[in-house]
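Asker: Got a structure here, written out as structure tokens. Questions coming.
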Amino acid sequence: MKMKRSVLLLACLAFSPVQAASAIHWSYEGQGSPEHWADLGNEFQTCKKGQYQSPIDVKQVIDGKLPPLGMNFHTATQTIVNNGHTIQVTVKDSDDFMLDGEAFVLKQFHFHTPSENHLFGQSFPLEAHFVHANAQGELAVVAVMFKTGAENKTLAPLIAAFPAEEDRIEVMKQNLDLASFFPSDRHYYRFSGSLTTPPCTEGVRWLIMKQPVTLSAGQLAVFEQALKHANNRPLQPLHGRVIVE
Ligand SMILES: [Zn+2]
């Protein structure tokens, strides 16, 4: 249980400034880049040895007739931080959905640019990860792809709240309407994967919404400037994994 909780914290990328100072330094470029993650510490071995690693290119999908995802939205947004790895919003209260007969509750969401997962060989300029956990601390990540197009009204208050400095945790003044982050068509691709950041822990249930949503080129530029560099782990091999829709 304790183990699971620490995994959850890492999954959240929720390093507080204090933790970040003592944690092994990993990144997306230079000596701490993804191909070196496993060399940075014993606790990162799964990044190299794992057989269920994320992200992946979603292709050769099996028709499992999965029903659309039923999500319950009632979130109170709490804080936003640019932790140097991503921009992350922590939430309280509990948006949730049922998966495999269990409730998975939203803990945080964060962004990658460009996208980490691909859909049929296609990368997207932005991908949001909504990290949920069940009562045992097992994780389910719901991913939403963004393509450039119409301005995303839901993102506007979030972008306005981007902290000016890294590791500064800002309390969000405005709650976000998370329902409108999601495409109206709630069908998704499902597979088993891992955290896309060290320690690359496996056993994560991944659900990627099939339909992308949009953001404007200007909004994308704000994300790219805030993150300063790409924060996508390279694609990982499937090793015979099955993707179901
Ligand atoms: Zn992520």
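Asker: Residues in region 92-134 that are more than 23 Å from Thr148 (Cα to Cα), open to solvent by less than 20 Å² (accessible area, probe 1.4 Å) and within 15 Å of the ligand (Cβ to nearest atom): how many?
Answerer: Residues that pass the stated criteria total 5.
Asker: A further question follows. For region 151-174, does any single residue satisfy the condition of being within 16 Å of the ligand (Cβ to nearest atom) and without any contact (Cβ under 8 Å) to a residue 60 or more places away in the chain?
Answerer: There is no residue in region 151-174 that is within 16 Å of the ligand (Cβ to nearest atom) and without any contact (Cβ under 8 Å) to a residue 60 or more places away in the chain.
Asker: Something else: Quick check: is even one residue across region 105-115 over 14 Å from the mean Cα position of the chain (by Cα) and closer than 21 Å to Ser27 by Cα?
Answerer: The answer is no, given that none of the residues of region 105-115 is over 14 Å from the mean Cα position of the chain (by Cα) and closer than 21 Å to Ser27 by Cα.
Asker: Counting only residues that are open to solvent by 10 Å² or more (accessible area, probe 1.4 Å) and in contact with a helix residue (DSSP H, G or I) (Cβ under 9 Å, 6 or more places away or on another chain), which one in region 53-73 is nearest to Gln236 (Cα to Cα)?
Answerer: Met71
Asker: Can I ask one more? For region 114-155, which positions are in contact with an Asp or Glu (Cβ under 6 Å, 6 or more places away or on another chain) and among the aromatic types (Phe, Trp, Tyr)?
Answerer: Once the filter is applied, which keeps residues that are in contact with an Asp or Glu (Cβ under 6 Å, 6 or more places away or on another chain) and among the aromatic types (Phe, Trp, Tyr), region 114-155 yields nothing.
Asker: Could you please find all residues in region 166-215 being modelled with pLDDT of 95 or more, more than 27 Å from Pro68 (Cβ to Cβ) and not β-branched (Val, Ile, Thr)?
Answerer: Selection gives Pro198, Pro199, Cys200.
Asker: Please note which strands (runs of 3 or more DSSP E) are completely contained in region 163-245 and include at least 3 residues that are within 16 Å of the chain's Cα centre (by Cα) and not charged (D, E, K, R).
Answerer: Of the strands (runs of 3 or more DSSP E) lying wholly inside region 163-245, those with at least 3 residues that are within 16 Å of the chain's Cα centre (by Cα) and not charged (D, E, K, R) span 188-194, 202-209.
The values are calculated or read from the model by the stated rules, or taken from the named source; none is laboratory data. Because the structure is a prediction, the values reported are computed rather than measured. Cβ sites come from the backbone with ideal geometry, for glycine too, and all protein chains shown count toward neighbours. We work out accessible area using only protein heavy atoms, side chains counted, and drop any ligands, DNA or RNA first. Shrake-Rupley method; radii C 1.70, N 1.55, O 1.52, S 1.80 Å.
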